[in-house]
Amino acid sequence: DLPGVMADMNEARYYPHGGAYAHVVGYVAKVSDNDVKGMRERGEEIPSILYNPGYRIGRVGLEKALDEPLRGEAGGNRVEVDVRGRVVAEDMAGSKPAVQGSEVVLTLDNDVQQRALEVFGEEAGSIVVMDVRNGDILAMVSSPSFDPNLFVSGVPSRIYRALADYERRPLTDKALAGTFAPGSTFKPVVGLAAMKRGLDPTRRIVCNGSFYLGRRFACLGRHGALDLRGAIKASCNVYFMTLATEMGPDAIAETARDMGFGQTFDIGIGGQKAGLVPDREWKRRTYSGEQKTWYPGESPSYGIGQGALTVNALQLAVYTSRVANGRKAVMPRLIKSIGGVEQGSNAFADLPYDPQMLQVLRDGMEAVTSAGGTGFRNSQLGLGTVQMAGKTGTAQARNYGAGSRKGAGRPWSQKDHNLFVAYAPTDNPRYAVSVIVQHGGLGGGTAGAPRAREVMKVALLKDPEMRARIEQSGFEAQEDAGVREAEARGEPLDGAATDTAAPAPLVEPAR
């Protein structure tokens, strides 16, 4: 209507780290009719800034969850200019100062986060790193990732379809929404449930390679007589199948929930899936007829982290943090502050278990990463007296029948999932890590452990106290001597238990 007058507007969101934070931070996109319609239906007042051409709102991740505090308020100056465009007057009554959105600070550490994505390479899966003392999440990565900058100005349909159709699902946040059977990483939970119900951890159960209950359940090894610590070290199926059959599902489910499974956490971001912790009530609620009954033959698989049980990487990190802490039910925290106001609290509830019971689990997990343990070779940090304890895991992705579970030659989608959980240092735990390598193949010590090792090293070396301790220990000579000593004794570098396979060195991507 006014010749020579035009509106010129440009707004942009730029993500400098590309895919490293794509799933956590999310991205923004243009406001749609459906967005405005949804606000009206909820009875919300429509902010005038949403009507500005090209304005963008949060679509997923923290961008969506914190859209309002990040948004701020639009402002502008109403001015009069001469023919040369120079301001000659300002209408103060018609001007409105802009209000900047609140600054949001996360607990994530950029170096740990970047390394976590880097070590995945082309593999699919997730890594979560937590501080076991205060619950701060130092890294939460889902791989493969994507560049959120593509979505700011509108991603071309061909690129979106390529991302959406790729079998490794880069648009899915596998750390929160990817649920998998935990496999043998769940065995310490079964041991803890049994101790709560009177199990003497020194009780020995004989493993002859099989467990029989209506049918044969295999254990990939003949471990002989083992106590709880030894069963965790060897990842003996027979031991934990026996405990699960004796206790039943309800006892296991109770302890699993105490340790962080079957629930979501208030970390300020949506899209979490709680997974499933099955028990008798769940079967009654879910099925009909004869299927409503929990049969004894279902318990052996439950005892080794299979069956209907599913978890996500964040839950595995919380569980590992609680084992490492030994006393407190550590809760995760992602948002450190909003607008300068501290978020979250370190006042955690006490774990409903005797700390000595948690110590038994830690003893077993420390043995996993010692000579002869299922995760020995690929879990060595090489940082002198600073050692890492962990638990390997393999989760079946399909029923193999009488066939081999080895992944060689199989299509990617038919290989087992590869898991590893760990904490360090063993003598005074500070950091916990969980790794899920989707279809990573048989043996949690082969794909999960080396990735956990590399990420844990970054977290430890960035900690000033840990770095000082490492530098004082002359660690290179100690590490080499330890490996040579184990080999001289004739001890295997990787045990012949459920979660073992030939060690696969981590391929270092270009930096």
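Its Cα centre serving as origin, the chain has a Cβ charge dipole (Lys and Arg +1, Asp and Glu -1) of approximately 1720 debye. Entry note, the chain: relative contact order of 16 percent, from Cα contacts under 8 Å with a spacing of 6+ residues.
What the phi angles of region 103-115 give under the Karplus curve with 6.51, -1.76 and 1.60, with θ = phi - 60°, is a coupling list of 7, 10, 10, 9, 7, 4, 9, 4, 5, 5, 4, 5, 5 Hz, glycine and proline written as x. Estimated from helical segments only, the mean residue ellipticity of the chain at 222 nm is -9000 deg cm²/dmol, where each DSSP H run of four or more residues counts as -39500 (n - 2.57). Here the Karplus curve 6.51 cos²θ - 1.76 cosθ + 1.60, taken at θ = phi - 60°, turns the phi angles of region 136-145 into couplings of 4, 8, 8, 8, 8, 10, 10, 10, x, 10 Hz, with x standing for Gly and Pro. Which one, 373, 29, 422, is farthest towards the positive end of the dipole of the chain when Lys and Arg carry +1 and Asp and Glu -1 on their Cβ? Positive-end residue among those listed: 373. Summary of the geometry: region 41-115 and region 189-215, compared by the centres of their Cα atoms, lie 59 Å apart. For residue 32 and residue 111, a Förster radius of 56 Å and the Cβ-Cβ distance give a FRET efficiency of 0.90, rounded to the nearest 0.05. Given a Förster distance of 30 Å, report the FRET efficiency between residue 165 and residue 286 from their Cβ-Cβ distance, rounded to the nearest 0.05. In this case the efficiency is close to 0.45. Applying a DSSP loop filter and a limit of 12 other Cβ atoms within 10 Å to the chymotrypsin sites (Phe, Trp or Tyr not before Pro) in region 1-106 leaves 14.
Working note: Karplus 6.51/-1.76/1.60 with θ = phi - 60° gives region 59-70 the couplings 9, 9, x, 5, 4, 7, 5, 10, 4, 5, x, 6 Hz, where Gly and Pro are set to x. Projecting the Cα atoms of 54, 128, 112 onto the dipole axis of region 54-163, where Lys and Arg carry +1 and Asp and Glu carry -1 at the beta carbon, places 54 farthest toward the positive end.
Return the FRET efficiency for the residue pair residue 472, residue 39: r is the Cβ-Cβ distance, R0 is 56 Å, and the value is rounded to the nearest 0.05.
Calculated transfer efficiency: 0.45.
In this structure, the residue pairs whose Cα-Cα separation is over 32 Å, taken from 64/196; 64/96; 233/273; 233/292; 37/96, are 64/196; 233/292. Only Lys, Arg, Asp and Glu carry charge here, each on its Cβ (+1 for the first two, -1 for the last two); on that basis region 1-98 has a dipole of about 340 debye about its Cα centre. Full extension of the chain segment joining residue 218 with residue 266 gains 13.3 nm, where the gain is 0.36 nm per residue of separation less the Cα-Cα distance. Between the listed residues 153, 15, 139, the Cα displaced farthest toward the positive end of the dipole of the chain, a dipole computed from Cβ unit charges relative to the Cα centre, is found at 139. The angle separating the long axis of helix 448-462 from the principal Cα axis of greatest extent in the chain is about 60 degrees. Can you classify region 210-329 as rounded, prolate or oblate using the Cα gyration tensor, where a ≥ b ≥ c are the square roots of its eigenvalues, rounded means a/c under 1.5, and otherwise it's prolate if a/b beats b/c and oblate if not? Since a/c reaches 1.5 but b/c is at least a/b, the shape of region 210-329 is classed as oblate. Placing unit charges on the Cβ atoms only, positive for Lys and Arg and negative for Asp and Glu, gives region 136-229 a dipole magnitude near 620 debye about its Cα centre. Pick out, in residue order, every one of the GluC sites (Glu not before Pro) in region 1-88 that is DSSP loop and has at most 11 other C-beta atoms within 10 Å; say none if there are none. Listed in order of number, the matching sites are 44, 45.
Close amide H contacts of residue 124 (hydrogens built in the peptide plane, cut-off under 5 Å, sequence separation of 5 or more or a different chain): 438.
Amide H contacts of residue 210 (H built 1.01 Å from N, in plane; Pro and chain starts excluded): 219 sit under 5 Å, all sequence-distant by 5 or more or on other chains.
A short reminder: the numbers here are calculations on the coordinates, not readings from a lab. A quick note: this is a predicted structure, and the numbers were derived from the prediction, not measured. For neighbour counting, all protein chains shown are included, and Cβ atoms are generated from backbone atoms with ideal geometry for every residue, glycine included.
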